[in-house]
Amino acid sequence: MERVLDWGIEVVLWFQQASPQLDAVFAAFTFLGDEEFFLIALPLIYWSIDRAVGVRLMVVFLLSGLVNQVAKHLAVQPRPYQYDSRVVQIVGEDGFGIPSGHTQSAVVVWGVLGSVVRKKWFWVLAGVLMVLIPVSRVYLGVHFPTDVLGGYVLGALVLWLWLRYGVRLEQWFFEQETIHQLILIVAVPALAMAVWPTEDMVTGGGTMVGLGAGLVLERNQIRISMDGKGRWRDNVFVERLWRSVKYEEVYLRAYETVHEARSSLAKYFDFYNHERGHQSLNRQTPWQVYTARTFAQAA
């Protein structure tokens, strides 16, 4: 293995002869494989282009990321800059090396998109990105060529499995009870995080839980408003309330214990709701307005 890594170092050093002239170019290509890029682009596809495609892309991306993290922790291989001090680490990256997550994500996401779009020009674009994103990782000193090869192999496997079984898996999943869907969404990444409680695993697992739960709730007609209707009024109310709490209570007192803070805040909220008249409520208290509406609805 050492001979393979030594050869990989020579390849990385050969690419880095073009540094720093091409640093910005390859940094831009590597961004197109970053988790941050996909977590921006995929929800945009979901909300603006095609919800079904957006859901599938987000699910396969997160599953692929989870598989990648498991593979990294099983392989436990260093990155080039960790192995040889001659290699310059041009972008920040830590954790284990093989397989390359950027390479794997590029193959999976752009492969799934290509299978949906089915246009020659798009396959050309996808192919270019599947080459340049992995090359950028070698140039930037964060992956060996063998890391990239591992990303290609694992990405191709995940892509093949998804294209072959993804639709059936999706159908089976959404046939389950909502509570069982949520349990699965939490249990799978939680198990991985329990075995490998690293920062990357926790970040990826947490993202999978949050995104998956949101998709399940929305699909089951638990609506999550995204059009902003009525939300500005809630924001104004919350901002005014907590501004009052801060400047009229919290900033004026130096709580020494949690018990003291709880007790003092309880008294303030009692005053705020039952005694203090509010200009926006025609000098009535919130409690007066609430009870008046409740009785009116009951009548």
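Here are the numbers:
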item	result
The range 240-281, residues that are without any contact (Cβ under 8 Å) to a residue 12 or more places away in the chain, farther than 27 Å from Ala292 by Cα and either of a type in the set (Gly, Ala, Ser) or not in a helix (DSSP H, G or I) (or both)	Arg253, Ala254, Tyr255, Glu256, Thr257, Ala261, Ser263
Condition check for Gly127: free of Cβ contacts under 8 Å to residues at least 40 places away in the same chain, surrounded by fewer than 16 Cβ atoms within 10 Å (Cβ to Cβ), assigned by TED's automatic domain parsing to the domain that holds Phe31 and under 22 Å from Ala28 (Cβ atoms)	yes
Some residue of the range 62-70 being of a type in the set (S, T, N, Q), over 18 Å from Leu132 (Cβ atoms) and in contact with an Asp or Glu (Cβ under 7 Å, 6 or more places away or on another chain)	yes
Test result for Leu13, farther than 28 Å from Gly210 by Cβ and in contact (Cβ under 8 Å) with a residue 12 or more places away in the chain	yes
Test result for Ser85, free of Cβ contacts under 8 Å to residues at least 60 places away in the same chain and closer than 16 Å to Val138 by Cβ	no
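The values are calculated or read from the model by the stated rules, or taken from the named source; none is laboratory data. The structure presented is a predicted model; accordingly, all values stated were derived computationally and were not measured. FYI the Cβ positions are ideal-geometry reconstructions off the backbone, even for glycines, and counts take in every protein chain you see.
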